[in-house]
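Report on the following structure.
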Amino acid sequence: MQTAIATVSLSGTLNEKLEAIAKAHFRGVEMFENDLLSFNGTPVEIRRMIEDLGLRTIAFQPFRDFEGMPEPQRTKAFARAERKFDVMVELGCDLLLVCSNVSPDAVGGIDRAAADFRELGDRAAQRGLRVAFEALAWGRHINDYRDAWEVVRRADHSSVGLVLDTFHILARDIDLRPIRAIPKDRIFLVQIADAPLLDMDYLSWSRHYRCFPAQGDLAIQPFMAALQATEYDGLLSLEIFSDRFRAGSAQRVAIDGQRSLLFMLDELRETTEVEVQGAPQLPPRSPVEAVEFLEFAMDQPSAAALEKVLQGLGFVRAGVHRSKVVTRWRQGDINIVVNCEGEGFAHTFNITHGSSVCAMALRVEDSAATIERALKLLDQPFRQAVGPGELDIPAVRGVGGSLLYFVDGKTELGRLWEVDFESVETSGLEEAGLIRFDHLSQSMEYEEMLTWLLFYTSLLDLRKAPVQDIVDPGGVVHSQAVEDERGAVRLVLNASQSRHTLASRFLDEFFGSGVQQIALATEDIFRTVEKLRASGVELLPIPENYYDDLEARTDLGAAQIDRLRAGNILYDRDGAAEFFQVYTRTLEGGFFFEIVERRGGYRGYGAVNAQIRLAAQAQLTSNPVVLRL
Ligand code: MG
């Protein structure tokens with residue numbers, strides 16, 4: 001299959017869109033009339049620009065309100081079509097997309113529509129062109145691909161074919177089985193778009209909320225499996241109307257589009273076990289076993305202050321890097337690396353973002369296969385010089401320009417702590433019962449959220465949890481987790497359209513997206529809180545009212561509530577499963593730690609408590625008693 005993307009999917013001027021499309025390795029482009037009309041030049045000049053970029057125009061659209069018109073509109077519609085054909089000849093494009101009629105004047109009738117298309121086919125063929133018919137989900141008489149196919153079938157013209165658009169088909173939940181019976185040479189174009197499941201009218205849903213496959217909830221894979229049964233080997237084009245994409249970077253969105261197609265075709269190959277033409281074979285998505293370490297980029301004074309907090313949290317200094325100013329802090333399976341190098345990646349990151357998390361390492365099953373998959377998915381690789389005998393840990397760029405490293409247990413990378421670090425004596429220090437990373441939350445621009453969702457789920461064997469909307473005193477925060485089957489790795493993506501939420505202020509104050517919240521798991525939160533208290537860690541104070549409400553809405557006894565209140569511990573329950581959470585105050589760098597305990601297989605993140613926590617954090621920000629590093 002050959003892939004393409006519609007100009008409407010991207011932001012910017014036509015030049016910017018085409019450059020982004022070419023850079024994202026597309027070869028085909030679907031030209032939207034508005035992009036052509038708003039270009040200051042002739043269709044011939046556009047054609048030259050497209051060819052110079054190594055692209056070709058695979059379709060021109062949209063042509064509206066054509067079939068089933070009474071006179072005199074019918075004659076006028078044919079005259080309009082002839083003018084479009086003139087433009088297409090200049091543009092070097094041979095396929096016109098005709099959307100089903102939405103005009104109240106349209107008469108309807110399959111045979112009348114077929115006769116119109118037969119005549120249009122004749123006129124197109126005289127100029128070496130073709131036309132393709134698409135059923136819009138909100139078409140007046142034709143809003144189902146099965147009816148559009150019947151029109152095309154009865155038109156019985158080699159220059160008239162069908163467009164299948166996943167949005168229009170899946171939004172209406174139309175049976176996919178009849179696709180298998182359509183001859184592949186009668187399908188002139190397949191348009192791919194996903195969307196979140198929303199309960200709204202088809203037109204608004206389509207015009208504002210489309211997204212790339214794997215970013216939404218529609219049944220794209222079953223559609224592709226039905227298409228695959230026809231042995232279709234023609235064009236797959238992304239046609240995405242999205243407010244988010246229009247506000248985002250054309251370059252980033254174009255790369256996301258290519259990545260989503262590569263991922264989709266790879267999944268298709270895996271599920272149908274049929275060779276999918278034109279799609280490179282990728283190594284499988286690697287299971288993620290754990291977060292191996294989190295790395296902070298710091299200057300010396302900030303590092304000393306962070307290390308004091310880490311000690312308070314029960315971490316011990318476990319190693320020093322053999323050649324760099326880098327320290328390893330450890331507790332249970334949690335490794336935190338503090339990098340104070342005066343040059344290199346972490347140093348540059350620190351200069352740009354201040355005290356912040358500059359890298360995260362994931363322990364995967366096969367790190368070489370993961371990096372190979374990443375490169376094939378157009379993720380951005382990263383390498384920097386390493387000392388003699390030290391490990392070259394494979395990495396790609398992640399959120400906010402940070403790094404995502406991959407280590408595994410099958411190579412030398414599994415001995416990272418022995419190879420690159422000298423261990424340090426740590427006897428006599430008492431840990432606080434923290435056992436592993438529970439989850440890491442990354443705050444980002446709203447427009448980036450779908451990018452990173454696709455990044456994580458296309459590369460790694462992680463699945464997305466439903467989006468949660470959380471009320472911050474400064475606005476609504478959209479929160480979406482990606483996690484593995486067992487809950488060993490959980491990453492939470494947070495973004496807000498309001499500039500006043502904690503998530504947005506983090507972006508403003510620390511110059512970019514990144515890890516804002518580090519949640520660590522304990523098996524006994526009460527014991528952990530006692531230890532933290534004893535070592536002077538200040539926890540986020542939770543208002544009395546919260547505990548009064550907890551008493552009213554749960555069956556917890558007074559003694560249990562008192563214990564939670566005394567520890568500033570938040571509580572949630574899901575059936576028999578329970579969740580306990582407590583927060584440190586926000587540290588310099590804008591991030592904070594959370595300590596959680598999950599009992600009975602609790603899978604969530606305490607969303608019910610998020611509003612309380614955010615209000616408590618906002619309270620402290622307006623009256624700052626920030627724990628200084
Ligand atoms: Mg379409």
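The values are calculated or read from the model by the stated rules, or taken from the named source; none is laboratory data. Predicted, not measured: the structure shown is a model, and the values here were computed from it. Neighbour counts run over all protein chains shown; Cβ positions are idealised from the backbone, glycine included.
I want to confirm something. Restricting to the range 151-183 and keeping residues that are of a type in the set (D, E, K, R) and surrounded by 13 or more Cβ atoms within 10 Å (Cβ to Cβ), which single residue is nearest to the ligand (Cβ to nearest atom)?
Asp165
Mind checking whether some residue in the range 323-333 is under 20 Å from Thr411 (Cα atoms) and in a strand (DSSP E or B)?
Kept after step one, since they are under 20 Å from Thr411 (Cα atoms), are these residues of the range 323-333: 333.
The next check asks that each one be in a strand (DSSP E or B); those that pass are none.
For the range 323-333, residues under 20 Å from Thr411 (Cα atoms) and in a strand (DSSP E or B): absent.
From the list Arg269, Arg207, exactly one residue is within 16 Å of the ligand (Cβ to nearest atom), modelled with pLDDT under 95 and out of contact with any strand residue (DSSP E or B) (no Cβ under 8 Å at 6 or more places or on another chain). Which is it?
Numbers: Arg269 fails: within 16 Å of the ligand (Cβ to nearest atom).
The unique qualifying residue is Arg207.
Using beta carbons and a limit of 7 Å, which pairs, at least six apart or on different chains, have the first residue in the range 166-180 and within 18 Å of Ser100 (Cα to Cα) and the second one in a loop (DSSP other than H, G, I, E, B) and more than 16 Å from the ligand (Cβ to nearest atom)?
Leu170/Ala219
Which condition from (1) more than 16 Å from the ligand (Cβ to nearest atom); (2) in a loop (DSSP other than H, G, I, E, B) is the one that Met264 breaks?
In the conditions (1) more than 16 Å from the ligand (Cβ to nearest atom); (2) in a loop (DSSP other than H, G, I, E, B), Met264 misses (2) alone.
Looking only at the range 184-191, decide whether some residue is over 23 Å from the mean Cα position of the chain (by Cα), away from the ligand (no atom under 16 Å from the Cβ) and buried (at least 21 other Cβ atoms within 10 Å of the Cβ).
No, the range 184-191 has no match at all.
Which one is farthest from Leu189 (Cα to Cα), of the residues in the range 96-130 that are within 16 Å of the ligand (Cβ to nearest atom) and part of a loop (DSSP other than H, G, I, E, B)?
It comes out as Val102.
Among (1) modelled with pLDDT of 95 or more; (2) not assigned by TED's automatic domain parsing to the domain that holds Leu493, which single condition is Val399 missing?
Unmet for Val399, out of (1) modelled with pLDDT of 95 or more; (2) not assigned by TED's automatic domain parsing to the domain that holds Leu493: (1).
Scanning for something more than 30 Å from Gly319 (Cα to Cα), modelled with pLDDT under 90 and basic (Lys, Arg), does the range 459-466 turn up at least one residue? Write out each step before concluding.
Quick first cut of the range 459-466, residues more than 30 Å from Gly319 (Cα to Cα) only: 459, 461-466.
Those still in the list that are modelled with pLDDT under 90 too: 466.
Pick out the ones that are also basic (Lys, Arg) and you get none.
Taking every residue of the range 459-466 in turn, none turns out to be more than 30 Å from Gly319 (Cα to Cα), modelled with pLDDT under 90 and basic (Lys, Arg).
Here is a check on your reading of the model: is Ala59 under 27 Å from the mean Cα position of the chain (by Cα), buried (at least 16 other Cβ atoms within 10 Å of the Cβ) and in contact (Cβ under 8 Å) with a residue 12 or more places away in the chain?
It is false that Ala59 is under 27 Å from the mean Cα position of the chain (by Cα), buried (at least 16 other Cβ atoms within 10 Å of the Cβ) and in contact (Cβ under 8 Å) with a residue 12 or more places away in the chain.
Filter the range 23-33 for residues that are surrounded by fewer than 18 Cβ atoms within 10 Å (Cβ to Cβ) and either part of a helix (DSSP H, G or I) or touching a Phe, Trp or Tyr at 6+ places or on another chain (Cβ under 8 Å) (or both) and give the result. Before the answer, list the steps.
Filtering the range 23-33 down to residues surrounded by fewer than 18 Cβ atoms within 10 Å (Cβ to Cβ) leaves 23, 25, 27, 33.
Within the range 23-33, Lys23, Glu33 meet the criteria.
If you go through the range 58-90, how many residues are in contact with a Gly (Cβ under 7 Å, 6 or more places away or on another chain) and within 16 Å of the ligand (Cβ to nearest atom)?
The first filter runs over the range 58-90 and keeps only residues in contact with a Gly (Cβ under 7 Å, 6 or more places away or on another chain), leaving 58, 68.
After this cut, where a residue has to be within 16 Å of the ligand (Cβ to nearest atom) as well, the list is 58.
So the count comes out to 1.
Filter the range 351-380 down to the residues that are among the basic types (Lys, Arg), crowded, with 22+ Cβ neighbours inside 10 Å and part of a helix (DSSP H, G or I) and list them by number.
Arg373
Which one is surrounded by the fewest Cβ atoms within 10 Å (Cβ to Cβ) among residues in the range 225-255 that are over 23 Å from Phe60 (Cα atoms) and within 21 Å of the chain's Cα centre (by Cα)?
It comes out as Ala247.
Looking for whichever is acidic (Asp, Glu) and farther than 30 Å from Glu307 by Cα here; the options are Asp524, Asp508, Asp461. Which one fits?
Going through Asp524, Asp508, Asp461 in turn, the sole match is Asp461.
Confirm whether Leu391 is assigned to a loop (DSSP other than H, G, I, E, B) and either assigned by TED's automatic domain parsing to the domain that holds Val364 or touching a Gly at 6+ places or on another chain (Cβ under 8 Å) (or both).
yes
Suppose we filter the range 131-150 for residues that are within 16 Å of the ligand (Cβ to nearest atom) and not in a loop (DSSP other than H, G, I, E, B); how many remain? Steps first, answer last, please.
Residues of the range 131-150 that are within 16 Å of the ligand (Cβ to nearest atom), as a first pass: 131-139, 142-145, 147-149.
With the extra rule that they be not in a loop (DSSP other than H, G, I, E, B), the set shrinks to 131-134, 145, 147-149.
Counting residues in the range 131-150 that are within 16 Å of the ligand (Cβ to nearest atom) and not in a loop (DSSP other than H, G, I, E, B) gives 8.
Residue check: is Cys93 surrounded by 15 or more Cβ atoms within 10 Å (Cβ to Cβ), under 20 Å from Gly121 (Cβ atoms) and within 13 Å of the ligand (Cβ to nearest atom)?
No, not satisfied.
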